[in-house]
């Protein structure tokens with residue numbers, strides 16, 4: 001069984017979209033894959049309740065309990081690796097996980113660590129993407145699924161979706177439209193990887 005572990009920090013709407021798609025499209029039967037666990041660095045992350053309600057293991061590892069980023073990442077790796085029980089590749093999916101990961105952590109999961117970013121990368125890496133797109137007068141915004149590298153919001157692009165920037169858009173209204181596309185392309189990109197693994 002190919003185990004997928006999803007990392008979240010908040011509501012986990014992308015995680016929920018992935019879980020729903022995996023169940024609806026029977027990833028277990030089609031690809032021998034399942035969402036095995038959802039891990040958060042925040043105990044109050046609302047997405048944990050959704051995951052538990054869908055029979056998925058959940059865990060919390062509070063980053064504030066560690067005095068160094070490397071120590072947190074080491075403990076996180078140990079927790080994740082409990083779900084790498086077979087020789088099959090583990091897929092590690094960042095879904096609103098609001099921590100910058102150390103190069104050592106990224107290297108450990110190289111080629112099987114994914115993220116979604118709310119812009120059409122390489123444009124607007126980092127934070128405040130929607131406001132920055134509005135400030136620059138962009139006609140299109142969107143989202144990108146990419147492999148994670150040590151450089152923030154870089155790595156091989158696996159999928160993108162564009163949405164028009166409408167007159168009168170605010171950062172919030174644009175973010176809401178982009179999020180609907182995130183919920184479509186993230187599960188699709190994961191399914192494509194599983195199909196070819």
So, in the range 138-170, exactly how many residues are more than 26 Å from residue 93 (Cα to Cα) and not in a strand (DSSP E or B)?
8
Yes/no for residue 112 being farther than 26 Å from residue 167 by Cβ and either free of Cβ contacts under 8 Å to residues at least 40 places away in the same chain or loosely packed, with under 13 Cβ neighbours inside 10 Å (or both)
yes
Qualifying positions in the range 86-109 - in contact with a strand residue (DSSP E or B) (Cβ under 7 Å, 6 or more places away or on another chain) and in contact (Cβ under 8 Å) with a residue 60 or more places away in the chain
88, 89, 90, 91, 92, 93, 94, 95, 96, 97
Pick from the range 112-124 the residues that are in contact with a strand residue (DSSP E or B) (Cβ under 7 Å, 6 or more places away or on another chain) and assigned to a loop (DSSP other than H, G, I, E, B): which of them is modelled with the lowest pLDDT?
112
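The values are calculated or read from the model by the stated rules, or taken from the named source; none is laboratory data. Here the structure is a predicted model, which is why all the values come from computation and not from measurement. Cβ atoms come from the backbone with ideal geometry, glycine included; neighbour counts cover every protein chain shown.
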